[in-house]
Amino acid sequence: MKHIPRFYVPTTLDSNQEVTLDSEQMHHAHVVLRAEVGDIVRVFNARDGEWNCKILNPKKNTVMCCNREKEQREEKGATIICPLINPNRFAILLEKVTELGVANIIPVVTQYCQYKGFNCRKAEQIVIHACEQSGRLTLPKLHDVVKLQNFLKGYKASARILVGDERLGSAKLQEVISEDSVFLIGPEGGFSDEEFELFKNYNFVHLFSFGKNILRSETSAIAFVSVWNNNFL
């Protein structure tokens with residue numbers, strides 16, 4: 001069976017609607033996968049479901065919506081708060097948690113973070129490509145970066161924030177996780193003593209342990225979202 005490429009577009013999708021892909025998307029379909037005029041690609045926009053579209057003009061990057069392949073549906077997922085780690089590993093984190101279906105990704109700067117910002121454009125493209133590959137119909141919300149102390153100070157939700165504690169002695173994840181739990185991932189080097197003291201000021205912050213092994217930030221994110229999915233999807 002021939003592989004049908006799948007692309008995200010921001011524009012409205014409707015029957016007989018002409019849609020313009022970006023040049024990278026058409027290059028992938030037409031040059032890499034050798035799709036020709038009249039061949040089908042699948043397109044979604046996180047609002048109108050997923051559509052089968054025929055290629056009209058590869059030189060103009062245009063396709064035509066034919067029929068809706070999938071109706072739009074709600075896709076619930078976990079929320080993670082992630083530190084700004086090494087860009088290559090941050091890219092892996094974004095890709096994998098998006099594939100696993102997270103709803104919100106909140107980047108934070110912690111005391112041991114070596115990075116104070118990230119390439120938002122590149123991060124958004126990683127998230128979009130992960131959605132295209134995984135079959136998602138919605139995009140996770142990628143929030144603006146914020147300092148950890150400012151995030152905690154301004155936190156208004158009632159949901160628990162669960163913090164992985166590599167020092168051991170904390171409860172197991174299965175004992176504290178709930179559907180509205182938010183996961184705060186530790187940075188490279190872990191949280192500082194000052195940050196662990198800061199957590200004590202907020203009754204919505206709860207520590208837990210993944211076990212005896214110390215996990216990388218991106219690994220702990222994947223582990224948490226996998227447990228959340230197993231319990232609540």
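If only the Cβ of Lys and Arg carry +1 and only the Cβ of Asp and Glu carry -1, the dipole of the range 87-129 around its Cα centre is close to 160 debye. In terms of its Cα atoms, the range 6-70 spans 28, 19, 17 Å along the principal axes, sorted from long to short. Listed values for the range 170-180 are Karplus-derived 3J(HN,Hα) couplings in whole Hz (6.51 cos²θ - 1.76 cosθ + 1.60, θ = phi - 60°), namely 8, 5, 6, 4, 4, 7, 10, 6, 9, 4, 9, and x replaces Gly and Pro. Computed from the alpha carbon positions, the gyration tensor of the range 79-232 leads to an equivalent ellipsoid with semi-axes of 23, 18, 15 Å, biggest first.
The distance between label points at Lys2 and Glu166 comes to 5.0 nm (points 7 Å beyond Cα on the Cα→Cβ vector).
If the segment from Glu194 to Cys120 were pulled out straight at 0.36 nm per residue, it would be longer than the present Cα-Cα gap by 23.8 nm. Amide H contacts for Phe7 (H built 1.01 Å from N in the peptide plane; partners 5 or more residues away or on another chain; cut-off under 5 Å): Arg42, Val43, Phe44. Residues whose amide H comes within less than 5 Å of that of Lys147, counting only those at least five positions distant or on another chain, are Val109 (H built at 1.01 Å from N in the peptide plane). Under the simplified labelling scheme, the Leu33-Lys76 pair shows an inter-label distance of 3.2 nm, with each label point 7 Å from Cα along Cα→Cβ. Between Glu18 and Tyr112, the modelled labels are 5.6 nm apart [label points 7 Å from Cα along Cα→Cβ]. One decimal place: the segment Ser226-Asn57 gains 56.7 nm when fully extended, by the rule 0.36 nm per residue minus the C-alpha distance.
Working from Cα positions, state the angle (0 to 90°, nearest 10) between the long axis of helix 120-134 and the longest principal axis of the chain. That helix lies at roughly 70 degrees to the long axis. With the charge dipole of the chain set up from +1 on Lys and Arg Cβ and -1 on Asp and Glu Cβ about the Cα centre, the Cα lying farthest toward the positive end among the listed residues Val63, Val97, Tyr8 is that of Val63. Taking the chain as the reference, fit the longest principal axis to its C-alpha atoms, fit the long axis of helix 87-100 to the helix C-alpha atoms, and give the angle between the two in degrees, 0 to 90, nearest 10. Approximately 70 degrees, to the nearest 10. Normalised by the number of residues in the range 6-70, the average gap of Cα pairs under 8 Å and 6 or more apart makes the relative contact order 39 percent. For a paramagnetic label modelled on Ser178 (point 7 Å from Cα along Cα→Cβ), amide N atoms under 16 Å away belong, within the range 121-165, to 156-163.
A short reminder: the numbers here are calculations on the coordinates, not readings from a lab. Just so it is clear, the model here is predicted, and its values are computed rather than measured. Every residue, glycine among them, receives a Cβ derived from its backbone with ideal geometry; neighbour counts consider all protein chains shown.
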